[in-house]
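Here's the structure we're looking at; comments come further down.
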Amino acid sequence: MLYWRIFLLFILIFLSSFCSAQNNDFAKLRKEMVEKQIKARGIKNRRILKVMEKVERHKFLPPFLQRFAYEDRPLPIGHGQTISQPYIVALMTELLCPKPTDKILEIGTGSGYQAAILAELVDKVYTIEIIPELAKSAEKRLKILGYKNVFVRCGDGYFGWPEAAPFDGIIVTCSPEKIPQPLIEQLKEGGRMVIPVGEGWSQKLLVLHKKKGKIIKQYITDVLFVPMKH
Ligand code: SAH
């Protein structure tokens, strides 16, 4: 009996040191990701760089993909969907100009990673996911990770979240054919929306700025997102 206890204790010590070594590796990879993929491409906002280094992207992926978490690419999260490339997450977050007092709406929760990045930067995040399994798993994951300021809903993000509107900012992480009118209506005066628009391979990342009730559009770059489902 005593031998068994000692044996189990050794196993526990081995496993915990293995996990902490792995966490240290991930921390190093995150630092490199910020330097080589994000800062190097011109992202300057210090709060965003700090948060990209802090949030553990590997925890938003299935175990067999975790070792690729800090590579420069999107990755599958099941149901034919993807977690966006880290640089794109940083770019869209910077374009949103998030302030600590902001209430933000995200369309396309996916893994919950973008929502977690925003949750570190703003007051409240409302996020909508159309695939029930993804909505459920992201909600659970965000809860386990301790995010109390993220609210997840399963539904069609085209219609936004009228009960929680208006929003200081809206970020859309799937690509609709046209800018959804309900989202424009749910944006506060002075607010910003960051959204890919278009079908197939010809999607444009836009920033919309609501000024005196009018929408000013700015084209940023070409992107590739999963389509917004109806
Ligand atoms: N932001 C996510 C990645 C988004 S992938 C992350 O950080 O992991 C795009 C997501 O948008 C997918 O999960 C897809 O199911 C979802 N989606 C597609 N159409 C939608 C719609 N009409 N409403 C809400 N979510 C939608």
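For segment 43-161, relative contact order (Cα pairs under 8 Å, six or more residues apart, normalised by length) works out to 22 percent. Summarising the strand pairing of the chain, around 50 percent of its internal DSSP beta bridges are antiparallel. A viscosity of 1.002 mPa s and a temperature of 20 °C, combined with the Kirkwood radius over C-alpha pairs in the Stokes-Einstein formula, give the chain a diffusion coefficient of 116 µm²/s. For the chain, relative contact order (Cα pairs under 8 Å, six or more residues apart, normalised by length) works out to 13 percent. Split the chain at each of the trypsin sites (Lys or Arg not before Pro) in a DSSP loop with at most 16 other beta carbon atoms within 10 Å, and the longest piece is 45-147.
Here the Gaussian network model covers the chain, with springs between Cα atoms less than 10 Å apart; of Asp72, Asp123, Asp25, Asp25 fluctuates the most. Proximity of backbone amide H atoms, modeled 1.01 Å from N, is registered between Ile83 and Leu75, Ile77 at under 5 Å, excluding neighbours fewer than 5 places apart on the same chain. Over the residues of the chain, the helix contribution to mean residue ellipticity at 222 nm works out to -10500 deg cm²/dmol, using -39500 (n - 2.57) for each DSSP H run of at least 4. Taking other C-beta atoms within 10 angstrom as a stand-in for reagent exposure, Phe64, Phe167 fall in the order Phe64, Phe167, fewest first. Principal-axis analysis of the Cα atoms of the chain puts helix 132-144 at an angle of about 60° to the longest axis. Can you tell me the 0 to 90 degree angle between the C-alpha axis of helix 86-96 and the longest principal axis of the chain, rounded to 10? In the chain, helix 86-96 runs at an angle near 40 degrees to the longest axis.
Each value in this text was obtained by applying a stated rule to the coordinates, not by laboratory testing. Just so it is clear, the model here is predicted, and its values are computed rather than measured. Cβ atoms come from the backbone with ideal geometry, glycine included; neighbour counts cover every protein chain shown.
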